[in-house]
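Structure first, then comments.
The values are calculated or read from the model by the stated rules, or taken from the named source; none is laboratory data. Bear in mind the structure is a predicted one, so any value in this text is a computation, not a measurement. For neighbour counting, all protein chains shown are included, and Cβ atoms are generated from backbone atoms with ideal geometry for every residue, glycine included. We work out accessible area using only protein heavy atoms, side chains counted, and drop any ligands, DNA or RNA first. Shrake-Rupley method; radii C 1.70, N 1.55, O 1.52, S 1.80 Å.
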Amino acid sequence: QQQVKQSPQSLIVQKGGISIINCAYENTAFDYFPWYQQFPGKGPALLIAIRPDVSEKKEGRFTISFNKSAKQFSLHIMDSQPGDSATYFCAASTSGAQKLVFGQGTRLTINP
Amino acid sequence: GAVVSQHPSRVICKSGTSVKIECRSLDFQATTMFWYRQFPKKSLMLMATSNEGSKATYEQGVEKDKFLINHASLTLSTLTVTSAHPEDSSFYICSAPTSGRTDTQYFGPGTRLTVL
């Protein structure tokens, strides 16, 4: 019940395209859903986060869509760029200050 | 966003020795910090929760006597890998949450530990 399942494991998108990564969870007590971006040899960097009181949140080219009834949330990267090539992790917690449960990660490659 | 630092960024040690990794919240206070371990091409695995002024809480399967955690102040937590072995080689990352309604967790840059 503590798991967060992330897909796909890897994703290749052409420059300018839309990258979509999906996550699903079981624990209905989760109320904080962040996405992190990680480059090789670096720590994860917070990209965008959402709480269940909204169904969508947009920051620049990054959008989180949240479906509470389906217990799913997704990250959309619009106009994907080669610099977006990284590993992306979704996560969930019962609040931002509590321990995060991470998805398995998605290795995103943007082809020029 | 808030800044979390780690030191050292990279350490190589001999088998049997102990290594200390520091995690600092630079511009905010953190009563709680988290320590993660990450294997190559894998997700982050939570090892323990570091609590300022009290004992750390370890996740199931993590040896508390091997991975000593001390939360010395509101801005500093340390992870000591005792009697290190080659299988302890990994990428260790800490995180610290800010507090309040917009509480958010920020991660350090990570420490690459190699045990020879």
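Consider the stretch B:1-49. How many of its residues are of a type outside the set (Gly, Ala, Ser) and at positive phi?
Qualifying residue count, the stretch B:1-49: 1.
Might you check whether a residue that is touching a His at 6+ places or on another chain (Cβ under 7 Å) and within 27 Å of A:Pro40 (Cβ to Cβ) occurs anywhere in the stretch B:67-85?
yes
For residues in the stretch A:1-13 being part of a loop (DSSP other than H, G, I, E, B) and within 28 Å of B:Cys94 (Cβ to Cβ), which is farthest from the other protein chains (Cβ to nearest Cβ)?
A:Gln1
Out of the strands (runs of 3 or more DSSP E) lying entirely within the stretch A:14-112, which hold 2 or more residues that are open to solvent by less than 50 Å² (accessible area, probe 1.4 Å) and away from every other protein chain (no Cβ under 14 Å)?
Counting at least 2 such residues, we get A:19-25, A:62-67, A:72-77.
Looking only at the stretch B:39-49, count how many residues are within 16 Å of B:Thr111 (Cβ to Cβ) and open to solvent by 80 Å² or more (accessible area, probe 1.4 Å).
Counting residues in the stretch B:39-49 that are within 16 Å of B:Thr111 (Cβ to Cβ) and open to solvent by 80 Å² or more (accessible area, probe 1.4 Å) gives 3.
Does any residue of the stretch B:24-38 turn out to be surrounded by fewer than 15 Cβ atoms within 10 Å (Cβ to Cβ) and polar (S, T, N, Q)?
Scanning the stretch B:24-38 turns up at least one residue that is surrounded by fewer than 15 Cβ atoms within 10 Å (Cβ to Cβ) and polar (S, T, N, Q).
With the condition kept exactly as written, say whether any residue in the stretch B:24-35 is acidic (Asp, Glu), within 14 Å of another protein chain (Cβ to nearest Cβ) and either more than 19 Å from B:Arg112 (Cβ to Cβ) or assigned to a strand (DSSP E or B) (or both).
Looking through the stretch B:24-35, none of the residues is acidic (Asp, Glu), within 14 Å of another protein chain (Cβ to nearest Cβ) and either more than 19 Å from B:Arg112 (Cβ to Cβ) or assigned to a strand (DSSP E or B) (or both).
Of all the residues that make up the stretch B:61-94, how many are in contact with a Leu (Cβ under 9 Å, 6 or more places away or on another chain) and at pLDDT below 95?
Of the residues in the stretch B:61-94, 2 are in contact with a Leu (Cβ under 9 Å, 6 or more places away or on another chain) and at pLDDT below 95.
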